[in-house]
Each structure stands twice: as structure tokens, then as C-alpha cells.
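Before any comments, here is the structure.
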Amino acid sequence: MFKAKVLFIGPNESGKTVLANFLSDTADVGGEYKPTQGVRILEFESQAEGSHDNDKCDVELWDCSGDFKLETCWPAIIKDSSGVVIIFNPNVPSHLKEIETWYSMFISSQGLQESQCLLIAHHKPGSAVEDGRLPLASHLGRLPLIHSNLEEEPEDVKQAFCKYLGSVVKTMSESREREEMSIIT
């Protein structure tokens, strides 16, 4: 069984913790906003949809603070990560600009493939959900994007995450096979 270390990153108050709790079936999904201090690590088992035989996958989900004052900790957080999910609130214009910084710090600097990345436009309860095009920078536009609304379509969010995990596991599997072949030859 594969173990995937997936980082949840993005601006403050974008919904990272709410989504992390929901996807890991952790009880506390609602409540008042409390900023994450540093990082929270949630471990759970999930379906990796689309991977070899739709295997189960051990997920180590790192729910990271959106506070830039913790930037010196980022190299340690990034180490050995299998995937990165950038979560943002599409109704906050500054988030659209800020996710470019998150992209350059966590994705382009690590050379991650697009299949290892996911953008989640998280809509807070009561906000309008528009699945239309978001004004994203061109390099962000190449990444898979899902809109999440836990009030109206929670199972769609879970299914999209399982599909994303499947592509992460597939990438990890292909990388492992290449490594093994290089040892043999």
C-alpha cells in the first residue's frame, strides 16, 4: 500500500482545515475560525481512484498554516511530499494573487508534475458558487481545479480528492518503477 504525504497549503482563512477535517472524516468540520499554528498532520486511509486496481492509500495530510511568518519552516514541510493541494477562496481577490506565491514556493521549486497538484476553489457556506473560469495566471490554469462546496456537494469533493490521490499514487508508482529499472540496468 502506498503512503502519500499531501500538503494542504494556501492563504489564511481559505478553508484548508475544514476540508482536511472533512476528507479525513475528523469530527470537527464547522465552528469558528481558528488559524492553524504551524502544521497539523492527519493520517487516514483513502481510496486512490484510478490507480492500479483502485488501491487503498495511507494518506498523511499536512494541513499547513497560511501565515508567511512560518516561511522558514517550509523546506522541512515540503520534504518528501507526494502532492500539493492549493486551497483558496475564489471570492477573495487577494487569494487569486497570493496562490501564485504558494505555487512558486511549493510546486515549481520542487519540480512536481501537474498530476501531483490540485487547486481547490473553496466556497464558504452561504457564498455563491460560480463554476466559471477564474482569472488565474497561465501556469496555474494548467493545474486541475475543482470547486468545493461542502454544504451542497460534499460527496463530489470527496470523489474529486480520491481521483486526485489516484493520480498522485500513479505518479509515485511510475517513479518507483523507473528507479527500480535504473538499478537493474
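In table form, for the structure just shown:
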| read-out | value |
| --- | --- |
| Filter pass, LEU136 being part of a loop (DSSP other than H, G, I, E, B) and either on the phi < 0 side of the Ramachandran plot or out of contact with any Lys or Arg (no Cβ under 8 Å at 6 or more places or on another chain) (or both) | yes |
| Candidate set from the stretch 137-156 (those that are hydrophobic (A, V, I, L, M, F, W, C) and modelled with pLDDT of 90 or more); member that is most open to solvent (accessible area, probe 1.4 Å) | LEU145 |
| Those residues of the stretch 67-90 which are in a loop (DSSP other than H, G, I, E, B), in contact with a strand residue (DSSP E or B) (Cβ under 7 Å, 6 or more places away or on another chain) and surrounded by 10 or more Cβ atoms within 10 Å (Cβ to Cβ), in sequence order | SER81, SER82, ASN89, PRO90 |
| Top-ranked residue in the stretch 39-54 [being out of contact with any strand residue (DSSP E or B) (no Cβ under 7 Å at 6 or more places or on another chain) and either basic (Lys, Arg) or open to solvent by 30 Å² or more (accessible area, probe 1.4 Å) (or both); ranked as modelled with the highest pLDDT] | GLU49 |
| Any hit, the stretch 97-104, residues being touching a residue at least 12 places away in the same chain (Cβ under 8 Å), open to solvent by 20 Å² or more (accessible area, probe 1.4 Å) and aromatic (Phe, Trp, Tyr) | yes |
| Residue that is modelled with the lowest pLDDT [pool: residues in the stretch 1-22 that are under 17 Å from VAL169 (Cα atoms) and open to solvent by 10 Å² or more (accessible area, probe 1.4 Å)] | MET1 |
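The values are calculated or read from the model by the stated rules, or taken from the named source; none is laboratory data. Keep in mind it's a predicted model, so treat the numbers as computed, not measured. For neighbour counting, all protein chains shown are included, and Cβ atoms are generated from backbone atoms with ideal geometry for every residue, glycine included. The protein model used for the area step is the full one, side chains on, heavy atoms only, and it has no ligands, DNA or RNA in it. Shrake-Rupley method; radii C 1.70, N 1.55, O 1.52, S 1.80 Å.
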